[in-house]
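Data block below; observations after.
The values are calculated or read from the model by the stated rules, or taken from the named source; none is laboratory data. This one's a predicted model, so the numbers in the text were calculated from it and none came from an experiment. All Cβ positions, glycine included, derive from the backbone under ideal geometry; neighbour counts span all protein chains shown. Ligands, DNA and RNA are stripped out before the accessible areas are found, and what is left, the full protein with its side chains, is counted by its heavy atoms. Shrake-Rupley method; radii C 1.70, N 1.55, O 1.52, S 1.80 Å.
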Amino acid sequence: AKEAGRNTWQYYSQDALLRIQRRLEIEHALLGAIEREEFSLAYQPLLHAAHDQPPAIEALLRWHRPGIGYCSPAEFIPIAEKCGEIVRIGDWVLAEACRQAAAWDRAGLQFDRIAVNVSAVQLRDRGFAERVIDTCHAHGWPPQRLELELTESALIRDTDVLRHCFDVLERHGVPLAVDDFGTGFSNLHYLNRFPVGRLKIDRSFVQGMLHDTGTAEVTQAIVHLGHALGMKVVAEGVETEQEEAMLRRQGCDEIQGYLYSRPLTPRDLAHWLRQGGA
Ligand code: C2E
Ligand code: CA
Ligand code: CA
Ligand code: CA
């Protein structure tokens, strides 16, 4: 039994070692990645449920790192958050998204807004909100058409820095959305405390709603909650027409997912918009 225990320990420690090694490798590779121009943005549309208004667009970060193979933001963003590099990377994302949005707008493409994912670490950084506004101005993009997608974890703490940040953003009309809604914390006080205008129902609920009535009740409850608070509700990760139909029936305002489009290169997204989102 002792022998087996030791083997198990070795097995786990080997595994942990590999994970630490990969983490360090990624952390190291992230340094200077902006300067080496290894990042790009992919763009995924969010369609209005009534199809009577132009779609919104979400910017999603992509990292082309020669050598370490494909590395998804779900893997490298948490590492960038831990080592603090996310602040610089996040600034790059905001600037690039504003630049691209302004270019599309000048080219006559119709879309409602551009949404950018923002990590809790960025919000805590002093001067973040001012930099957001400066970035908009620098690229001639109206702050009212730049939405920031925040996770619940970014909103639970009520600090002076956060309050100042939301004051500045609200003064300039920057819309805020809560991403992955329902997966974080059960305390919903932050919905009244901060100027949130939109809830994004997490993909896990959408994936479960057709198979499980309990999950379908959760999505319906989120739609009711959002509307009762004067917010819009978006469903993400919609892959089938059955999911879409149920979300429409439930009163969802906007829908996003592979059913309509995967995240696209700027060129393909522009093409998609010109075709009228087909
Ligand atoms: P998210 O913000 O919840 O974005 C949705 C993720 O689901 C994206 O993965 C998207 O490609 C994927 N997705 C969209 N539609 C579908 C669908 O119908 N089915 C399925 N199975 N997946 C779908 P991605 O691009 O790999 O991003 C993963 C996460 O990384 C994002 O989740 C977000 O939390 C984070 N992230 C991405 N870009 C940024 C960024 O610029 N800054 C920060 N802080 N986080 C980012
Ligand atoms: Ca998002
Ligand atoms: Ca999400
Ligand atoms: Ca997510």
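Given the options Gln100, Gln21, Gln110, state which has the largest fluctuation in a GNM of the chain using a 10 Å cut-off (strictly under) for Cα springs. It is Gln21. With 10 Å bins beginning at zero, the pair-distance distribution over Cα atoms of the chain amounts to 6, 26, 32, 24, 8, 3, 1, 0 %.
Computed on the Cα trace of the range 159-278, the radius of gyration divided by the Kirkwood hydrodynamic radius gives Rg/Rh = 1.02. Positive-end ranking of Leu225, Val178, Pro266 along the dipole of the chain, with charges on Cβ about the Cα centre, is headed by Pro266.
Using Cα springs under 10 Å in a Gaussian network model of the chain, which residue among His48, His172, His211 shows the largest mean-square fluctuation? Among His48, His172, His211, the largest GNM mean-square fluctuation belongs to His211. Ligands, DNA and RNA are left out, and with a 1.4 angstrom probe the accessible area of the chain is 51 Å² per residue. Given the alpha-carbon gyration tensor of the range 27-71, what are the semi-axes of its equivalent ellipsoid in whole angstrom, ordered largest first, with each equal to the square root of 5 times an eigenvalue? After diagonalising the Cα gyration tensor, the semi-axes are 33, 10, 7 Å. In percent, rounded to a whole number, the relative contact order of the range 120-180 is 48, using alpha-carbon pairs under 8 Å and six or more apart. Leaving out ligands, DNA and RNA, what percent of the accessible area of the range 47-156 is carbon and sulfur, probe 1.4 Å? Answer for the range 47-156: carbon and sulfur cover 53 percent of the accessible area. If all Cα-Cα distances of the range 101-236 are sorted into 5 Å bins from 0 onward, what percent lands in each bin, rounded to whole numbers? In whole percents, the pair-distance histogram is 2, 10, 18, 21, 18, 14, 9, 6, 2, 0. Evaluated with a Cβ-only charge set (Lys, Arg +1; Asp, Glu -1), the chain carries a dipole of roughly 360 debye about its Cα centre, given to the nearest 20. Adding -39500 (n - 2.57) for every DSSP H run of four residues or longer, then dividing by how many residues the chain holds, sets the calculated 222 nm ellipticity at -15000 deg cm²/dmol.
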